[in-house]
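Read through the structure below, which is laid out as structure tokens, and then see the notes.
The values are calculated or read from the model by the stated rules, or taken from the named source; none is laboratory data. The structure displayed is predicted, hence computed values, not measured ones. Here the Cβ positions follow ideal geometry from the backbone for every residue, glycine too, while neighbour counts run over all protein chains shown. The area values use the complete protein model at the heavy-atom level, side chains included, leaving out ligands, DNA and RNA. Shrake-Rupley method; radii C 1.70, N 1.55, O 1.52, S 1.80 Å.
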Amino acid sequence: MTAVAALSRYAPRYALRIGVPSGSEWLRVDHVLEPDGPELTELLKRDHDASGHTSAHANALSLMSFYAGRAPATALLLWALEGRVLDIRPENLWVRPHDGHGLAEVAIRSATFLPGGLQTLYDVVLTQHLLPLSAELHRRTRAGLRQLYGGVAAGCAMGFCAATREEETVSPGFLLERWQTFVAKAPGGLARLGEVTEAGGKLVYLRNTCCLYYTSDKGADTVCGSCCLTPRADRLAAYEAGRPIITV
């Protein structure tokens with residue numbers, strides 16, 4: 001088993017298909033990023049249908065949170081553990097939409113690595129991918145860039161946090177240090193948009209922005225466990241108690 005494939009033992013979000021996928025349901029990420037492209041329209045429609053969003057900008061914010069928590073997850077954890085940067089440039093990455101929220105699968109052309117370290121990771125995860133996606137969602141829906149970047153930050157944080165949530169885990173303290181290194185100089189001002197901390201022996205993310213999921217038909221009267229609409233102390237208490245929560 002390759003180092004990339006082995007990461008799926010930590011959590012389902014790290015599962016990554018290696019090889020160019022076939023089938024019309026797969027969307028290549030560089031096509032998702034194209035202005036007015038049908039691929040992003042399809043992703044928005046699926047999220048809208050799954051949630052019953054009442055506004056286009058809430059639809060965009062919800063999509064970003066779920067998408068950012070899945071598409072780059074393997075590359076983020078691999079960098080955290082080994083310092084290597086997986087080649088997930090948009091032209092090398094495919095996503096398969098879920099029938100409901102988010103992504104069912106992610107595929108990569110090959111398990112190859114790029115030279116460089118953290119700056120290269122910023123480039124392939126943020127500068128070439130999630131920040132342009134935010135800009136296109138902003139252009140289409142007028143969703144605020146700060147809120148969209150909040151979804152980016154929350155999704156990236158889960159790339160670090162989720163590996164502390166299964167029976168076979170990585171040390172929360174180690175991953176917290178790696179997250180802090182990642183977010184300190186991350187483009188988009190991600191460091192200001194939330195906080196990773198430890199609760200109940202696991203890493204959790206506390207957002208400073210809201211994805212507006214509670215305004216949807218399916219999310220009515222429910223806020224995410226990490227949502228800034230809930231006081232920080234109450235969020236931490238819920239995480240400590242292990243109560244069911246919605247996470248990106």
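Report the charge-dipole magnitude of the chain in Debye, nearest 20, computed about the Cα centre from +1 at each Lys and Arg Cβ and -1 at each Asp and Glu Cβ.
Dipole about the Cα centre, nearest 20: 360 debye.
Mind ordering 145-152, 229-236, 173-180 by average Cβ neighbours within 10 Å, highest first?
Ranked by mean Cβ neighbours within 10 Å, highest first: 145-152, 173-180, 229-236.
Taking the alpha-carbon distance from Lys185 and a cut-off under 27 Å, which lysines remain once sequence neighbours fewer than 8 residues away in the same chain are dropped?
Cα-Cα hits under 27 Å: Lys202.
Please compute the volume of the convex hull spanned by the alpha-carbon atoms of segment 123-248 and report it per residue in Å³.
Dividing the Cα hull volume of segment 123-248 by its residues yields 112 Å³.
Quick check: net charge around Arg207, other residues with Cβ under 13 Å of its Cβ, Lys/Arg +1 and Asp/Glu -1?
That sum, taken over residues with Cβ under 13 Å, equals +3.
Thinking of segment 1-145 as a set of Cα atoms, what percent of all their pairs are more than 26 Å apart?
Summing the P(r) tail past 26 Å for segment 1-145 gives 21 percent.
Got a sec to turn the phi values of segment 201-215 into Karplus ³J(HN,Hα) couplings, 6.51 cos²θ - 1.76 cosθ + 1.60 with θ = phi - 60°, whole Hz, x for Gly and Pro?
So the J values, rounded to whole Hz, are x, 10, 7, 10, 10, 10, 7, 9, 10, 10, 8, 6, 4, 5, 7.
Under a 1.4 angstrom probe, counting protein chains only, how are Thr54, Thr197 ranked by accessible area, largest first?
So, going from the largest accessible area down, we get Thr54, Thr197.
Under 11 Å from the Cβ of Ala153, count the other residues' Cβ atoms, weight Lys and Arg +1, Asp and Glu -1, and hand me the total.
Its environment carries a net charge of +2.
Assuming a viscosity of 0.692 mPa s and a temperature of 37 °C, what translational diffusion coefficient in µm² per second does Stokes-Einstein assign to segment 160-224, Rh being the Kirkwood radius over Cα pairs?
Here the translational diffusion coefficient equals 245 µm²/s.
Would you please classify the overall shape of segment 26-95 from the alpha carbon gyration tensor, given that a ≥ b ≥ c denote the square roots of the eigenvalues, rounded means a/c under 1.5, and beyond that prolate means a/b larger than b/c while oblate covers the rest?
Oblate is the answer for segment 26-95, as a/c is 1.5 or above yet b/c matches or exceeds a/b.
What does the helix-only formula give at 222 nm for the chain: each DSSP H stretch with n ≥ 4 adding -39500 (n - 2.57), the total divided by the residues, and the result rounded to the nearest 500 deg cm²/dmol?
-12000 deg cm²/dmol, from helical runs alone.
Rounded to whole Å and sorted largest first, what semi-axes of the equivalent ellipsoid does the C-alpha gyration tensor of the chain yield via the square root of 5 times each eigenvalue?
Largest first, the chain gives 24, 23, 16 Å.
Name the lysines eligible as straight-distance cross-link partners of Lys218: C-alpha to C-alpha under 25 Å, and not fewer than 8 places from it in the same chain.
Candidates past the 8-residue exclusion: Lys45.
Calculate, for segment 1-144, the solvent-accessible area per residue in square angstrom, rolling a 1.4 angstrom probe over the heavy atoms of the protein chains.
39 Å²
Would you be so kind as to identify which of Pro35, Ala15, Leu193 lies farthest towards the positive end of the dipole of the chain, taking Lys and Arg as +1 and Asp and Glu as -1 on Cβ and the Cα centre as origin?
Result: Leu193, furthest along the dipole toward the positive end.
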